[in-house]
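Heads up: the structure comes next, in structure tokens.
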Amino acid sequence: MLMFSPPATFGQVCPAKPIRIVASEPGDGGDFVARQVAPGLALALGQPIVIDNRSTGVIQGEIVSRAAPDGYIVADQQREHVDRTVAE
């Protein structure tokens, strides 16, 4: 069973490179939250957290959807951006 496997079987230590958070515009609520959470994440994970500010949820979603599915890029989208995009 996987839960009894030694840690060496997992291959690499994660995270192995900086993590990118795609957040909303500078000074917006999503940016504020990302900047408040980033130092604690960086300390816990041992890797820097890069805040990448973008203007809308559509652009954020595009960036994340086109990124490699390796878990090193995440979107900090606010619900109103997602709701507005779906409604249009």
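The values are calculated or read from the model by the stated rules, or taken from the named source; none is laboratory data. Nothing here was measured: the structure is a model prediction, and the numbers come from that model. Here the Cβ positions follow ideal geometry from the backbone for every residue, glycine too, while neighbour counts run over all protein chains shown.
Structure values in brief
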| quantity | calculated |
| --- | --- |
| Scan of the stretch 5-24 for residues that are at pLDDT below 85 and surrounded by 10 or more Cβ atoms within 10 Å (Cβ to Cβ), ordered by number | Phe10, Cys14, Pro15, Ser24 |
| Checklist (1) modelled with pLDDT of 85 or more; (2) over 12 Å from the mean Cα position of the chain (by Cα); (3) not charged (D, E, K, R) applied to Leu2, failing item | (1) |
| The stretch 31-64 - residue that is in contact with a helix residue (DSSP H, G or I) (Cβ under 8 Å, 6 or more places away or on another chain) and in a helix (DSSP H, G or I) and, of those, modelled with the lowest pLDDT | Gly57 |
